[in-house]
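*Asks:* Got a structure for you, questions after.
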Amino acid sequence: MSEDSLRMANFRVHVVPAVLALANPPWQRDVWLDPSKFENLDHVFHALFDDFCDADEPERYLGTSLRTQEEVTLMRELGAALNAATAEAPNDTDEEYLGASVWPEVVAAAGRLAQVMVANDLAELVASQQAADRAQWP
């Protein structure tokens with residue numbers, strides 16, 4: 001595995017689960033609203049805006065945590081939806097975010113992005129396996 005591929009995998013191992021969490025309302029309620037659970041929405045915001053991507057300006061993460069221009073576009077849409085939800089969460093609580101009138105837009109944007117990211121990761125996995133098979137059996 002090349003250094004670039006390893007870096008992307010290390011970033012995506014944080015970004016893809018964050019996007020999947022945003023696309024799954026039952027999971028959000030079961031995990032984020034349970035005070036005994038470690039993960040919360042703050043973790044998602046850090047993954048998508050600070051640590052492994054910047055959903056406000058995702059272009060600079062193309063090739064690092066985002067594979068395609070389509071992912072960049074969809075991440076920007078997700079970032080805009082999350083920012084709109086932030087406006088309805090003055091106390092910055094998970095409960096406020098999940099109750100925001102625009103939260104269904106966040107879930108929908110995350111669902112679109114999740115589908116593309118998972119499909120792209122699976123395509124990359126298949127291509128990698130095919131390359132390994134060709135190298136093993138010339």
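*Asks:* Based on what the data block shows, is ALA9 of a type in the set (Gly, Ala, Ser), open to solvent by 30 Å² or more (accessible area, probe 1.4 Å) and within 24 Å of TRP103 (Cα to Cα)?
*Replies:* Values: of a type in the set (Gly, Ala, Ser): yes; open to solvent by 30 Å² or more (accessible area, probe 1.4 Å): yes; within 24 Å of TRP103 (Cα to Cα): no.
For ALA9, the condition - of a type in the set (Gly, Ala, Ser), open to solvent by 30 Å² or more (accessible area, probe 1.4 Å) and within 24 Å of TRP103 (Cα to Cα) - is not met.
*Asks:* Give segment 89-138 a look and list any residue that's at pLDDT 85 or above and among the small types (Gly, Ala, Ser), or say none.
*Replies:* Across segment 89-138, the qualifying residues are ALA89, GLY99, ALA100, SER101, ALA108, ALA109, ALA110, GLY111, ALA114, ALA119, ALA123.
*Asks:* To continue, here is another question. Hey, ASP34 hits all of (1) open to solvent by 70 Å² or more (accessible area, probe 1.4 Å); (2) assigned to a loop (DSSP other than H, G, I, E, B) but one; which does it fall short on?
*Replies:* Of the numbered conditions (1) open to solvent by 70 Å² or more (accessible area, probe 1.4 Å); (2) assigned to a loop (DSSP other than H, G, I, E, B), the odd one out for ASP34 is (1).
*Asks:* Search segment 110-136 for residues that are among the small types (Gly, Ala, Ser) and pair each with any residue that is open to solvent by 60 Å² or more (accessible area, probe 1.4 Å) and in a helix (DSSP H, G or I) when their beta-carbon atoms are under 6 Å apart and the residues are at least 6 apart or on different chains.
*Replies:* ALA114/LEU20
*Asks:* While we're here: What helices (runs of 4 or more DSSP H) lie completely within segment 41-109 and have 3 or more residues being open to solvent by 50 Å² or more (accessible area, probe 1.4 Å), without any contact (Cβ under 8 Å) to a residue 40 or more places away in the chain and not charged (D, E, K, R)?
*Replies:* Values: elements: 41-45, 69-86, 94-99.
Passing ranges, in order: 69-86.
The values are calculated or read from the model by the stated rules, or taken from the named source; none is laboratory data. Owing to the predicted nature of the structure, the values given are computational and were not obtained by experimental measurement. As a convention, Cβ positions derive from the backbone with ideal geometry for all residues, glycine included, and neighbour counts pool all protein chains shown. These accessible areas exclude ligands, DNA and RNA; they are computed on the full protein's heavy atoms, side chains included. Shrake-Rupley method; radii C 1.70, N 1.55, O 1.52, S 1.80 Å.
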